[in-house]
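The values are calculated or read from the model by the stated rules, or taken from the named source; none is laboratory data. These numbers come from a predicted model, not from an experiment. Here Cβ is always computed from backbone atoms with ideal geometry, including for glycine, and neighbour counts include all displayed protein chains. Only protein heavy atoms, including side chains, enter the accessible area calculation; ligands, DNA and RNA are left aside. Shrake-Rupley method; radii C 1.70, N 1.55, O 1.52, S 1.80 Å.
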Amino acid sequence: EVQLAESGGGLVKPGESLRLSCEGSGFTFGTTWMSWVRQAPGKGLEWLGRAKSRIDGWATEYAAPVKGRFTISRDDSKNTLYLHMSSLKAEDTAMYYCTTEGWRAYYFDSWGQGALVTVSS
Amino acid sequence: QSALTQPASVSGSPGQSVTVSCSGGSSDIGSYNLVSWYQQYPGKVPKLIIYEVAKRPSGVSDRFSGSKTGNTASLTISGLQAVDEADYYCCSYADDTTPMVFGGGTKLTVL
């Protein structure tokens, strides 16, 4: 059974940085593309970016609104995906989900329970 | 503003069929068969129900079906049941500055 466990969420002040982690199990992490998706309170889903697998050079892609401010990385030896967020704003307040994409799947087949990030002074 | 356009809400009575539309453009839905749909109950994690326009993951009811015409994708739910009351989101690959785009979501109410 695929399991994804996010951690690292919490309350931060505007302008601060935060790193979320997502540990995966029950699947071959190293060959799986991984994405981050967020959902602001009462709002819809927003794709943030993905980390491709080794065969694709561990390339990363980002949504235009967060490119340059958010960085996605992965450590296949630890089955862990990361999301480093900098210069956080109030509008970054959201539930952050880690998802699997299979390999070149372009859909999100498994989701973690999410990590809540609140940006407030 | 979402890149894909969905109606804010749709409704139907038990047993009826409802269709949720998802409108995009030539750089996303119109050019790629990479549309997926997600069901989300309040306070819960989204669940994949359709991928690659019309394929259903194992375990998803065959009452859910997907299709695409031009720049618009559709999710049809037949034989509506109370358990189908949820939010539904479409998503597509996009040959653009943001490679994956979601619709704004549609709230389905079962009357």
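Hey, got the Cα dimensions of chain A along the principal axes, in Å, largest first?
41, 28, 26
Excluding B:Ser27 itself, what net charge comes from residues whose Cβ is under 11 Å from its Cβ, given Lys and Arg +1 and Asp and Glu -1?
Net charge in that neighbourhood comes out at -3.
May I ask for the net charge around B:Glu52, where only other residues with Cβ less than 15 Å from the Cβ of B:Glu52 are counted and Lys, Arg are +1 while Asp, Glu are -1?
+1
For region A:1-100, state which trypsin sites (Lys or Arg not before Pro) are in a DSSP loop and have at most 16 other beta carbons lying within 10 Å of their beta carbon.
The qualifying sites are A:Lys43, A:Arg69, A:Lys89.
Name the aspartates and glutamates eligible as straight-distance cross-link partners of B:Lys55: C-alpha to C-alpha under 20 Å, and not fewer than 8 places from it in the same chain.
List returned: A:Glu101, A:Asp109, B:Asp28, B:Asp84, B:Asp87.
What is the ratio of the Cα radius of gyration of chain B to 2.2 N^0.38 Å, with N the residue count, to two decimals?
My calculation over the Cα atoms of chain B gives 1.00.
Report the accessible surface area buried between chains B and A, summing both sides, using a 1.4 Å probe on protein heavy atoms only, in Å² rounded to the nearest 100.
Roughly 1600 Å².
Taking a threshold of 22 Å on the Cα-Cα distance, which of the pairs A:Lys52/A:Lys78; A:Lys67/B:Lys107; A:Lys13/B:Lys107 fall above it?
The answer is A:Lys67/B:Lys107; A:Lys13/B:Lys107.
What is the distance in Å between the Cα centres of region B:45-62 and region A:51-106?
Here the answer is 23 Å between Cα centres.
For region B:1-50, what is the convex hull volume of its Cα atoms per residue in Å³?
121
Return the residues of region A:105-120 for which accessible area with all protein chains present is lower than in the chain on its own by 30 Å² or more; set the probe to 1.4 Å and exclude ligands, DNA and RNA.
Buried by 30 Å² or more upon assembly, which counts only protein chains, are A:Tyr106, A:Tyr107, A:Phe108, A:Trp111.
State which stretch of chain A is the longest one without any exposed chymotrypsin sites (Phe, Trp or Tyr not before Pro), exposure meaning a DSSP loop state and at most 15 other Cβ atoms within 10 Å.
A:1-57
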